[in-house]
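The values are calculated or read from the model by the stated rules, or taken from the named source; none is laboratory data. Bear in mind that the values here come from a model prediction, so they are computed numbers and not experimental data. Because the Cβ atoms are built from the backbone with ideal geometry, glycine has one as well, and the counts that use them run over all protein chains shown.
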Amino acid sequence: MAQTCSSELAQFLGPNSTAAASYICDKFTDTAYAVDSTYLLFSAYLVFSMQLGFAMLCAGSVRAKNTMNIMLTNVLDAATGGIFYYLFGFAFAFGSPSNGFIGRHNFALKSIPSSLFDYSNFLYQWAFAIAAAGITSGSIAERTQFVAYLVYSSFLTGFVYPVVSHWFWSADGWASASNTNNLLFGSGVIDFAGSGVVHMVGGIADGIKFIYWSRIAGLYGALIEGPRIGRFDHTGRSVAFRGHSASLVVLGTFILWFGWYGFNPGSFAKILSPYDSGTHYGQWSAVGRTAVTTTLAGCTAALTTLFGKRILSGHWNVTDVCNGLLGGFAAITAGCSVVEPWAAIICGFVAALVLIGCNMMAEKAKFDDPLEAAQLHGGCGAWGVIFTALFATEKYVNEVYPGKPGRPYGLFMGGGGRLLAAHVIQILVIIGWVSATMGPLFFILHKFNLLRISAEDEMAGMDLTRHGGFAYVYHDDDEGNEANKHGIQMRRIEPSAQI
Amino acid sequence: MAQTCSSELAQFLGPNSTAAASYICDKFTDTAYAVDSTYLLFSAYLVFSMQLGFAMLCAGSVRAKNTMNIMLTNVLDAATGGIFYYLFGFAFAFGSPSNGFIGRHNFALKSIPSSLFDYSNFLYQWAFAIAAAGITSGSIAERTQFVAYLVYSSFLTGFVYPVVSHWFWSADGWASASNTNNLLFGSGVIDFAGSGVVHMVGGIAGLYGALIEGPRIGRFDHTGRSVALRGHSASLVVLGTFILWFGWYGFNPGSFAKILSPYDSGTHYGQWSAVGRTAVTTTLAGCTAALTTLFGKRILSGHWNVTDVCNGLLGGFAAITAGCSVVEPWAAIICGFVAALVLIGCNMMAEKAKFDDPLEAAQLHGGCGAWGVIFTALFATEKYVNEVYPGKPGRPYGLFMGGGGRLLAAHVIQILVIIGWVSATMGPLFFILHKFNLLRISAEDEMAGMDLTRHGGFAYVYHDDDEGNEANKHGIQMRRIEPSAQI
Amino acid sequence: MAQTCSSELAQFLGPNSTAAASYICDKFTDTAYAVDSTYLLFSAYLVFSMQLGFAMLCAGSVRAKNTMNIMLTNVLDAATGGIFYYLFGFAFAFGSPSNGFIGRHNFALKSIPSSLFDYSNFLYQWAFAIAAAGITSGSIAERTQFVAYLVYSSFLTGFVYPVVSHWFWSADGWASASNTNNLLFGSGVIDFAGSGVVHMVGGIAGLYGALIEGPRIGRFDHTGRSVALRGHSASLVVLGTFILWFGWYGFNPGSFAKILSPYDSGTHYGQWSAVGRTAVTTTLAGCTAALTTLFGKRILSGHWNVTDVCNGLLGGFAAITAGCSVVEPWAAIICGFVAALVLIGCNMMAEKAKFDDPLEAAQLHGGCGAWGVIFTALFATEKYVNEVYPGKPGRPYGLFMGGGGRLLAAHVIQILVIIGWVSATMGPLFFILHKFNLLRISAEDEMAGMDLTRHGGFAYVYHDDDEGNEANKHGIQMRRIEPSAQI
């Protein structure tokens, strides 16, 4: 950057002005780095705040007796994620030069900062990695052993997710739209902020567990089954388990919304890059547009869910609306930067229907996910990937992914089907990869009896048996109970196998 | 901007250096856009977070049996607001060129971005619009039908509020201080971040809603003595208040929209400094109001009440919002002090008048907002007024600062027209809803709590055995909602 | 800055180009101010959000019957802090020119903005001051009279803390690393974001408060066995912890105050990179501490405890705060690991010593803060020290990095003087309050809970029938507070 600038400026300034030119241009370079870093860092902070959102959303969506357990998993998502992503996650994802499958440099931030990556990039990507883990934490709620969760979470943030992000986001990734030498179908996958890379990975990891469980259930009869005890009665009728606090659900949802403004617009990583220097139009404008599309998609999804559920269930349900809202966000994430605002409304509308549909299927399939994570992030995420391939506009695609004019864009916008093909591939490989990695992991955990908690634990609630007591003590006389609860728990955890 | 810059620079650089000059200046322009957009976008995010603040504040201030209902309204403020403000709200407010009364371009963001507005401006203004709706939802909490809520919320964010903001903030607005051709009283209204435009509008709309609906059952006993219906969770109230405080740093300082514009190029003094000053005045006003309320209430009620302090704090913020950018920090302390007294006074009057507003929204945002508008007309300093509203030297400023009464006159007009306009629009709306029995819920619903009858159950399930009850609650509710009139 | 720039540029541009040079350089100066102010302001907002974090953390960690009380103290930290820090706190801390002990200019922001300080600096420092007060409020929770709280809080934010920050952060401070004329041990104290200045001060103040008050009733039974008094809501604890984490990204990286200053102009390496590194070290320290606590507590207590993990996490942050900008990421992991052990150790000692601190604030911020100060003196790297504290090459750095012991010596001095100063100021204050019976509440109040006796009722009303109780609770409280001595 500095080079081109100074050379150009020098020729304008005339002879023996190279020093002046480079002096001025260096200052511009510094400014650009400062502005972009500020932008990226604060976006990263917003994305991090989503972890708080997940924690509150999960806490509110489970029964009071498992609140401590679920919140602990959310705190540890961030903590283990921080360590593992630092040690090798970032290296697997973005360590370059590398092959198309996996990165192999910059372990433990070695030789960072470089001209390619700064610490701020790492921080931003870490926040994404823990978001993926945060998505799945909901699915294990109320019935998975804590150790199993630790293993599973570190594996996801440390290996499974980084590899996927390498494929689609690293300049070396075989399916990345910014891949320099050869693009998949001459297009590459346009998954701007990760409907597929983040949300589908999280959602599917969750779905896999269900499928795995149901398979085991088939093999060993009633030995182990997916749903929480009592979630489906003996006649198989579904019994709603209501979360213990809608306030926490709404709190979490709003914080996620707040954080999504870092998630989507922040994915530009740079804001100071003009599309047409000297005018009002540049990346800053695209960033604003991304924030707008994100907002509109979520709003539409929320309203669609509101009325849809009103018709189906007969009442106005705030938690459903919150889920619908998040579904809209998960869907727009892939295309947020390359679609028109009006398209975002379509995206949100369909996303809400997708979510409602997925939930109905889940009911039928006796798939029990306290947070609808598989349906929401998996289903709506997949829709988002397709949506992008249909509605990406030529102008925006070329602005956001510059340097290679005439790349394919949305099918409905007249850009041909190659982008759609690439995106279908993306969905398939993500499903394949996550199944191939998480499936065996669950099997091993199951073999070692580390996967599912005992029925007694589940009935009593894990807070009492594993986490030192109930999350809430609203009346002093409760404390009495606390005591014996402790007693119980002390007895319960004797079997060290159950660590 | 780029033009002036390059022409000036060219003459400095001497002959045949136009290319160099424009090259350098273009880069400066790009930088300015990037910095200003970053600033505006993150401010917009902060303002949005206020919606979370309202949600938590409302949730904590109502009884547990209506929590789901009030939170849903807050979520939908943002959602409906997003759609309606995108479709025509922004166009009514800022679509230019237009007349002084209402904008008529840029519907659904047509021909945005332009040299005037970028997407970030829309996002920022949207966050303001939903804040106005959020204010009103508090006044009519715990007794309003959900449909009524949807109707007024869309109407407010889609039409009533945008028109007001057009008058006072758009360059074409008849009372705007940035109006180019002729200023109201040669001054225009200096409502920097919207004590009048946002808070009074929201507060007065709430006033009408609450008046027409009447108080909640049990709020005033048969002898007419007022009975406090305490909110169900002070923790949520405090949470919401702090988040609102946090968001207010986007609301007030963010209203500059640009931070990279020097007042005196090459020195340490520029808009960035004014932005910081605005954040400071905001902080001081809120802090003073909180302390005043603390001691005031201690004397009146005999105990230290955290929820009252929270309301006082917010009252101080609502009051400083109009003048935050044009007053000295010491003036902000006066502003906050009076605001707290105004709020206490309004609450006493409300008691007397048997006016029931679960969140004191009408008193807080209406009363303190009005005080803020007056305050600005009294304490705006000449220097700051000319820096913040440049291009027209010698404009009137605060009465007490020796700036004459024209600013005050303009601000009195503002208060009157806002009251008039909101009365003329929201009043009839609520009245019609009332006539068609769409406004207030049935007495049984109100006693049972709307969560059970309309929203699928209680918001909290702390003990498993509650779940049993849940079941029949569902049952009840299924029966309850049969009458489709009650949608 | 503008001067050097234009002179340099002028000589490059050749003769009679001074005007052009200064024109260009002025624009660069403006840009720098705008970017740095934006960065500093949003960092300040993040730091402010930590106050919300403290409020929620404290609320969740106390019993339900004292929730209103503790939340009110947190709201007032911010409010009183705002007023007192505006009036003289900032002047004591940074008013220059001044002696090495205390500042004596810029009272009530007089002659701010100057070329040294802008409003944004004040806002940022204010957010730090209230954080210190927030720390202390945790230690004395559930048993302190409200007046006592008001007194110590204003004293701490208005005098004790500002003086300490003057010593170590002001350019005139006798132990400041940015002191121009003579550095302590030719090094000065490198307490970048305040493990000592903020956390130790808050923690030690809390230590004295809790010591003089003694443990809560029932905390240690007659046999002296410790009885856990569990907080009433783990959800609030986790909420608060995450918000504190969020805010810490303003606390540590924000302490650079400027982001647009290249270390090697024209390359990708500059302060922006150091800022990012600071955020990374902060993150890693916290994460390691959390995991260490998780497994440590699992071994000790036999269960996975989320509130312990939250405290461990915060301990890691408190420890890394001093050295966050001058250590390598790998060192941050060591820092967090040890911090967790320090916290566990301190808690065991506290148990033994029958010291009761409801939020472990003294152990967490005092103990881990002290470790952080030492840690910095051991692991600060030469390269980073010289980049972050430029202008004086060859200054001492971490002992283990081969930088000699002078930095360590300076930091030991820091710990001693902080302990001494806080003991000499807060100790007597609490003692006097104690003597005048203004410190601890009456036993009845403590059993009944302060919310009922002082703050107008219980924080939560989940069932309507509770409201009945509310009524007589009110009754009780009205009687209780008669003795005006108990203000």
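Being over 25 Å from C:Met56 (Cβ atoms), touching a Ser or Thr at 6+ places or on another chain (Cβ under 9 Å) and assigned to a helix (DSSP H, G or I) holds for only one residue in B:Ala274, B:Ala279, and it is B:Ala274.
Can you spot a residue in the range B:332-346 that is without any contact (Cβ under 8 Å) to a residue 40 or more places away in the chain, touching a helix residue (DSSP H, G or I) at 6+ places or on another chain (Cβ under 7 Å) and either outside any helix (DSSP H, G or I) or within 28 Å of C:Lys110 (Cα to Cα) (or both)? The answer is yes, given that some residue of the range B:332-346 is without any contact (Cβ under 8 Å) to a residue 40 or more places away in the chain, touching a helix residue (DSSP H, G or I) at 6+ places or on another chain (Cβ under 7 Å) and either outside any helix (DSSP H, G or I) or within 28 Å of C:Lys110 (Cα to Cα) (or both). For the range A:392-423, filtering for residues that are in contact (Cβ under 8 Å) with a residue 24 or more places away in the chain and either assigned to a loop (DSSP other than H, G, I, E, B) or not acidic (Asp, Glu) (or both) leaves 17.
The set of residues from the range C:146-178 being of a type outside the set (A, V, I, L, M, F, W, C), surrounded by 21 or more Cβ atoms within 10 Å (Cβ to Cβ) and in contact (Cβ under 8 Å) with a residue 40 or more places away in the chain comprises C:Tyr149, C:Tyr152, C:Ser153, C:Thr157, C:Gly158, C:Tyr161, C:Pro162, C:Ser165, C:His166, C:Ser170, C:Asp172, C:Gly173.
Let's see how each residue does on (1) more than 8 Å from chain C (Cβ to nearest Cβ); (2) out of contact with any Gly (no Cβ under 9 Å at 6 or more places or on another chain); (3) at positive phi:
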position: B:Tyr269; (1), (2), (3): no, yes, no
position: B:Ser273; (1), (2), (3): no, yes, no
position: B:Thr283; (1), (2), (3): no, no, no
position: B:Gly286; (1), (2), (3): no, no, no
position: B:Ala290; (1), (2), (3): no, no, no
position: B:Thr293; (1), (2), (3): yes, no, no
position: B:His303; (1), (2), (3): no, no, no
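Condition check: within 14 Å of chain B (Cβ to nearest Cβ) and under 25 Å from C:Gly315 (Cα atoms). Does C:Ala148 satisfy that? Judged against the criteria, C:Ala148 is not a match. Looking across the range C:1-35, just one residue is more than 8 Å from chain B (Cβ to nearest Cβ) and among the acidic types (Asp, Glu), and that is C:Glu8. Per this entry, A:Ala108 is counted among residues that are more than 22 Å from A:Phe192 (Cβ to Cβ), surrounded by fewer than 24 Cβ atoms within 10 Å (Cβ to Cβ) and at the interface with chain C (Cβ under 10 Å from one of its Cβ atoms).
For A:Ala422, the criteria (1) crowded, with 18+ Cβ neighbours inside 10 Å; (2) of a type in the set (Gly, Ala, Ser); (3) modelled with pLDDT under 75 hold in every case but one, which is (3).
Within the range A:284-305, the set of residues being farther than 27 Å from A:Val400 by Cβ and at the interface with another protein chain (Cβ under 7 Å from one of its Cβ atoms) comprises just one member, A:Leu303. Here B:Glu328 passes the criteria (1) without any contact (Cβ under 8 Å) to a residue 24 or more places away in the chain; (2) within 14 Å of chain C (Cβ to nearest Cβ); (3) among the charged types (D, E, K, R) except the one numbered (1). If the condition is being more than 8 Å from every other protein chain (Cβ to nearest Cβ), in a helix (DSSP H, G or I) and of a type in the set (A, V, I, L, M, F, W, C), then the range A:41-71 contributes A:Val47, A:Met50, A:Phe54, A:Leu57, A:Cys58, A:Ile70. Within the range C:243-260, the set of residues being within 8 Å of chain A (Cβ to nearest Cβ) and modelled with pLDDT under 95 comprises C:Ile259, C:Leu260. Going through (1) aliphatic (A, V, I, L, M); (2) facing chain A (nearest Cβ under 10 Å); (3) on the phi > 0 side of the Ramachandran plot one by one, C:Ala279 falls short only on (3).
When the range A:351-396 is examined, which residues are found to be farther than 18 Å from A:Thr253 by Cβ, crowded, with 19+ Cβ neighbours inside 10 Å and either charged (D, E, K, R) or in contact with a Pro (Cβ under 8 Å, 6 or more places away or on another chain) (or both)? Matches in the range A:351-396: A:Phe367, A:Asp368. Determine whether the range B:227-249 contains at least one residue that is surrounded by fewer than 24 Cβ atoms within 10 Å (Cβ to Cβ), farther than 30 Å from C:Ser235 by Cα and either touching a Ser or Thr at 6+ places or on another chain (Cβ under 6 Å) or charged (D, E, K, R) (or both). For the range B:227-249, residues surrounded by fewer than 24 Cβ atoms within 10 Å (Cβ to Cβ), farther than 30 Å from C:Ser235 by Cα and either touching a Ser or Thr at 6+ places or on another chain (Cβ under 6 Å) or charged (D, E, K, R) (or both): absent.
Number of residues in the range C:69-120 that are surrounded by fewer than 22 Cβ atoms within 10 Å (Cβ to Cβ), touching a Pro at 6+ places or on another chain (Cβ under 9 Å) and at the interface with another protein chain (Cβ under 10 Å from one of its Cβ atoms): the value is 2. Of C:Phe101, C:Phe28, C:Phe84, all but one fail to be within 24 Å of the chain's Cα centre (by Cα) and either in a helix (DSSP H, G or I) or at pLDDT below 90 (or both); the exception is C:Phe84. Filtered by the rule that a residue be within 14 Å of another protein chain (Cβ to nearest Cβ) and among the small types (Gly, Ala, Ser), the range B:331-354 gives B:Ala331, B:Ala332, B:Gly336, B:Ala339, B:Ala340. In the set C:Ala322, C:Ala318, which member is under 17 Å from the mean Cα position of the chain (by Cα) and part of a helix (DSSP H, G or I)? One residue alone meets the criteria, C:Ala318.
I'd like the full set of residues that are more than 22 Å from the chain's Cα centre (by Cα) and either acidic (Asp, Glu) or under 20 Å from C:Val164 (Cβ atoms) (or both), limited to the range C:362-406. If the condition is that a residue be more than 22 Å from the chain's Cα centre (by Cα) and either acidic (Asp, Glu) or under 20 Å from C:Val164 (Cβ atoms) (or both), then C:Glu382, C:Glu387 are the ones that fit.
Being closer than 30 Å to C:Asn305 by Cα and touching a residue at least 12 places away in the same chain (Cβ under 8 Å) holds for only one residue in C:Ser98, C:Ser49, and it is C:Ser49. Which one is farthest from the other protein chains (Cβ to nearest Cβ), of the residues in the range C:48-65 that are over 12 Å from A:Val473 (Cβ atoms) and of a type outside the set (A, V, I, L, M, F, W, C)? Among those residues, the one meeting the criterion is C:Gly53.
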